[in-house]
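Reviewing the structure listed below.
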Amino acid sequence: MDRGRNVMTTVEAINACIPLNNPELTGQLGSLSEIVHYKKGDCIYDIGDIQKNVYVLIEGMLRCYFIDESQTEMTDSFITEKGMVANSVEIFVGKETPSVVGVEVLNETTVLEIPVQAVFDLMQQYPRMAKLYVRCLHQALEFQNEINIKRLYLPGNKRYEWFCKKWPEVDQIASNQQIASFLGIRSESLSRLRHQKRKHQ
């Protein structure tokens, strides 16, 4: 993790990722935020941590994971889209509760980090901030809903096809176990699907 060497300013990052169309609000939020660079293998936050910041992806690739009832690490989702918020649901309800998921960095990644308390404070002052909060919540719900529908209703090979279309870059970097646990298929089955894909390329 590196908190220095920022070419982009926090205000520029906000305008690029979460345009507020309010220079005063953008300036205030920028003064409270920080741009952080992560390396492959870094953990932005782990299971059980209290999420003190809102983590907005500027560029890079993230994997969200949890531990199932058999104490096996499972992939919940991947995040690659600029402007996506890499926080779990706990942060949206405004409670300091331990996170049920963790977020791992899959390659060189840059994140805009905004203190959670600052977000809630600014929501009291700016209606635009409250609208952004609602938009982020809606975006997170839509994102998770799409994932759940695909995993529930598609057969394994179609799940992998959907995954490759949605996250082609992740397929090149993530491990077999990480992708298989996300898709809900056996690692051996995924190996066959990946082999077939390479043969047809």
**OP:** Round to a whole angstrom and tell me the spacing of the C-alpha centers of region 145-181 and region 78-92.
**Re:** 18 Å
**OP:** Please go through the residue pairs Lys52/Lys131; Lys158/Lys199; Lys82/Lys197 and name each one whose alpha carbons sit more than 23 Å apart in this structure.
**Re:** Lys82/Lys197
Original post:
According to the square roots a ≥ b ≥ c of the eigenvalues of the Cα gyration tensor, what is the shape class of region 28-126, taking rounded for a/c under 1.5, prolate for a/b larger than b/c otherwise, and oblate for the remainder?
Top reply: oblate
Original post:
Put +1 on the Cβ of every Lys and Arg and -1 on every Asp and Glu Cβ in the chain; which of Ser191, Val100, Ile18 then has its Cα farthest towards the positive end of the dipole?
Top reply: Ser191
Original post:
How large is ³J(HN,Hα) for each residue in region 175-182, as worked out from phi by the Karplus curve 6.51 cos²θ - 1.76 cosθ + 1.60 (θ = phi - 60°), to whole Hz, x for Gly and Pro?
Top reply: 6, 4, 5, 5, 6, 4, 5, 5
**OP:** Apply the Karplus parameterisation 6.51 cos²θ - 1.76 cosθ + 1.60, with θ equal to phi minus 60°, to every residue of region 18-25 and state each ³J(HN,Hα) to the nearest whole Hz, in sequence, with x for glycine and proline.
**Re:** 9, x, 9, 6, 8, x, 5, 5
**OP:** Taking amide H positions as placed in the peptide plane 1.01 Å from N, state which residues far from Ser99 in sequence (5 or more) or on other chains have amide H under 5 Å from it.
**Re:** Gly48, Asp49, Ile50, Gln51
Original post:
Which far-off residues, 5 or more places away or on another chain, put their amide H under 5 Å from the one on Ile185, with H placed in the peptide plane?
Top reply: none
Subject >> Most mobile of Ser175, Ser88, Ser70 in a GNM of the chain (Cα contacts under 10 Å) >> reply: Ser70
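Only four residue types carry charge here, +1 at the Cβ of Lys and Arg and -1 at the Cβ of Asp and Glu. Report the dipole size of the chain about the Cα centre in Debye, rounded to the nearest 20. Walk me through the numbers before you get to the answer.
Numbers: 23 positive and 25 negative charges, 199 e Å.
That gives a dipole near 960 debye.
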Subject >> Anchor Lys165: aspartates and glutamates whose Cα lies under 16 Å away (excluding residues fewer than 8 positions away in-chain) >> reply: Glu81, Glu146
**OP:** Give, rounded to the nearest 20 debye, the magnitude of the charge dipole that region 154-201 has about its Cα centre when Lys and Arg contribute +1 at Cβ and Asp and Glu contribute -1 at Cβ.
**Re:** 180 debye
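Bear in mind that the values in this text are calculations on the coordinates, not laboratory data. This one's a predicted model, so the numbers in the text were calculated from it and none came from an experiment. For neighbour counting, all protein chains shown are included, and Cβ atoms are generated from backbone atoms with ideal geometry for every residue, glycine included.
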